[in-house]
Amino acid sequence: MNVALNEMAKKLGLYDEYVIVYHIRPDGDCIGSSFALALGLQSLGKKCTVTGRDPVPQIHRFMTDEVPQDDITEPVYISVDAVSPMRTGNYSDKHYTFCIDHHRNNSIEADYKYVEEDCGACSEIIFKLLNEMNVTITKQIADLLYTALVTDTRCFQTADTSVQTFETAAALKMLGADTFNISRRNVFVKSRGRRIIENLLRESLRFSCEDRLITGIITLNDQKTADIADSELEGINSFIEQYEEMLIGVTVRELPDGRSRCSVRTSGDISANDICAVHGGGGHYHAAVCELGKSPIDARDIMENTCVKFLKESSDSNE
């Protein structure tokens, strides 16, 4: 059931023990939002543990390791930043009492659900929710929320960056968030492995439709060559957006189970969400994801065929 934010805050006060579930292949937003929510609930006397199928990326561990994990006997499950049951991994069969998200077409069934579509980051919602619950936002919480904000907006560069995003950032700064080091650590500094994988991605790029459609591939062998963990690839899908001519960009990543994860970025009036919906995925208007049971090469061909149709429709409608 969809509820207002103030209703969500009231309902969260009714239970004593929570398991907060973040999505598979976690990024800074789901991690920062989940652990900040846990700290907020714990400050109100609730017991919380935060979990997900995949471990917390190493880059965020210095913050998350400081968040207490309580022993839970009667769990109430909260899904944070996950658009579908599949994105909750091995927690897809759980009954979710709460769902908090910012993606389009959220399909998680929950007793109480708050989705603010195309919000810059899920942390914007968590920040408002904690304030609604009269939680004191400590520096620890502010750092987690700012990490979530700056990673999901790529340092305020995404189309979903709004006035609310900047207002949240300003408020977190005033509450003590270490904005300089968080931004530098998560957006600007690149490890040797990250530089190698970006070079490999650049070499794989294929340009078509007068360079309006650009696709690239990252294979498991590429990751092995770069000696880079999957968790260190956060933000790599935005690499393709640096090309001025791009209207649709697709980054195809080979997954260990043989499938391919296709991340779509768009500009103008072309919906990445609609493109990915053709193949059972979704996300935001200008950034969305789908997964295909194909090799990276085959997945790229399939996505290119789909994208060409959207480019033609966009061109026809603008004539």
Q: Determine the equivalent ellipsoid of the range 192-317 by diagonalising the alpha-carbon gyration tensor, then write out the semi-axes as square roots of 5 times the eigenvalues, largest first, rounded to whole Å.
A: 23, 15, 12
Q: Report P(r) for the chain: all Cα-Cα distances, bin width 20 Å, range 0 to the bin holding the largest distance, values in whole percent.
A: 33, 57, 10, 0
Q) Taking only the alpha-carbon atoms of the range 5-188, what semi-axes of the equivalent ellipsoid follow from 5 times the gyration tensor eigenvalues under a square root, in whole Å, largest first? A) 23, 18, 16
Q: Quickly estimate the mean residue ellipticity at 222 nm for the chain, helices only: each DSSP H run with n ≥ 4 gives -39500 (n - 2.57), and the total goes over all residues, rounded to 500.
A: -11000 deg cm²/dmol
(Q) If I take every Cα pair under 8 Å that is 6 or more residues apart in the range 5-188, average their sequence separation and divide by the length, what percent do I get for the relative contact order? (A) 24
Q: Within the range 168-234, report the GluC sites (Glu not before Pro) that DSSP leaves as loop and that have at most 14 other Cβ atoms within 10 Å.
A: Glu210
Q: Take peptides 27-38, 146-157, 72-83, 163-174 and line them up by average Cβ neighbours within 10 Å, highest first, as a rough protection proxy.
A: 27-38, 146-157, 72-83, 163-174
Q.
Can you sort Leu41, Leu255 from fewest to most other Cβ atoms within 10 Å of each residue's own Cβ?
A. Leu255, Leu41
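Order these by the 10 Å Cβ neighbour count, fewest first: Ile302, Ile248, Ile297. Mind dumping the intermediate values first?
On the way: Ile302 17, Ile248 27, Ile297 12.
Fewest-to-most ranking of Ile302, Ile248, Ile297: Ile297, Ile302, Ile248.
Read-outs: derived from the displayed coordinates by stated rules, not from any lab. Small disclaimer: the values here were computed from a predicted structure and weren't measured. Please note: Cβ atoms are built from the backbone with ideal geometry, for glycine as well, and neighbour counts cover all protein chains shown.
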